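Notes follow the structure.
The values are calculated or read from the model by the stated rules, or taken from the named source; none is laboratory data. It should be emphasised that the depicted structure is a prediction, and the values quoted were computed from it without experimental measurement. So basically every Cβ, Gly included, is an ideal-geometry build from the backbone, and we count neighbours across all protein chains shown. With ligands, DNA and RNA removed, areas are computed over all heavy atoms of the protein, side chains included. Shrake-Rupley method; radii C 1.70, N 1.55, O 1.52, S 1.80 Å.
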Amino acid sequence: MIHVVVQRGPIDLAVEMARAEVAGAGAVATFTGLVRADDGVETLELEHYPGATEAALLGVAEGAVTRWGLQAATIVHRVGPMGPGERIVFVAATAPHRGAALEACAYLIDRLKTDAPFWKRETRGGAASWVEARGADDAAAARWRAE
């Protein structure tokens, strides 16, 4: 089962965990990303390309299911304005064993950060600016392409 959602509202961890805990699974590995207050960030706003974003996330999830034989893969990503401490992304990988679940979870977050069309704008001291892509994100995603 693959579950991919891009939404404006809060991420409900209880609902998403219940969805990830499928019958017969041996492990569920998850990652929850939070908005950081680095250098005084007051607001983080995410924009996306509707349709293309969901398609890219679906491709990432399908890649994980195929590569690790997952029983389920979940990606829930927020868009719109968010404050520090709010959940921005949740990923889950459900597998027969922990090794596959943990590796697939890392793959999901590493690849979605570079493969899906999201744009970030941070507000500090009342001034908004767009966030450039980070080289570290590209390097993290590249390690999965090299294998």
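Every residue in the range 46-61 that is open to solvent by 40 Å² or more (accessible area, probe 1.4 Å) and either of a type in the set (S, T, Y) or touching a residue at least 12 places away in the same chain (Cβ under 8 Å) (or both), please.
E47, H48, Y49, P50, E54, L58
Suppose we keep only residues that are assigned to a strand (DSSP E or B) and over 15 Å from the mean Cα position of the chain (by Cα) within the range 30-45. Which one would you say is farthest from P81 (Cα to Cα)?
Applying the filter and picking the extreme gives V41.
In the set T74, T43, T30, T94, which member is farther than 30 Å from G126 by Cα, surrounded by fewer than 20 Cβ atoms within 10 Å (Cβ to Cβ) and hydroxyl-bearing (S, T, Y)?
Checking each option against the conditions leaves just T30.
Just one of (1) within 13 Å of the chain's Cα centre (by Cα); (2) outside any helix (DSSP H, G or I) trips up A61, so point out which.
(2)
Pairs under 8 Å by beta carbon, first residue touching a residue at least 40 places away in the same chain (Cβ under 8 Å) and within 20 Å of H97 (Cβ to Cβ) in the range 12-30, partner assigned to a loop (DSSP other than H, G, I, E, B) and open to solvent by less than 70 Å² (accessible area, probe 1.4 Å), six or more apart or different chains?
V22/Q71; G24/Q71; G24/P96; A25/Q71; A25/P96; G26/P96; A27/P96
Does the range 2-14 hold any residues that are closer than 23 Å to G85 by Cβ and open to solvent by less than 70 Å² (accessible area, probe 1.4 Å), and which are they?
V5, V6, Q7, G9, I11, L13
Among G85, G24, which is the only one that is open to solvent by 40 Å² or more (accessible area, probe 1.4 Å), out of contact with any strand residue (DSSP E or B) (no Cβ under 8 Å at 6 or more places or on another chain) and not in a strand (DSSP E or B)?
G24
Quick check on my filter: what residues within the range 97-112 are basic (K, R) and either under 13 Å from A61 (Cα atoms) or open to solvent by less than 10 Å² (accessible area, probe 1.4 Å) (or both)?
R111, the sole residue that qualifies.
Condition test on P117, is it more than 13 Å from the chain's Cα centre (by Cα) and surrounded by fewer than 20 Cβ atoms within 10 Å (Cβ to Cβ)?
Criteria not met by P117.
Can you name the number of the only condition in (1) of a type in the set (A, V, I, L, M); (2) closer than 30 Å to E42 by Cβ; (3) open to solvent by less than 10 Å² (accessible area, probe 1.4 Å) that A64 fails?
(2)
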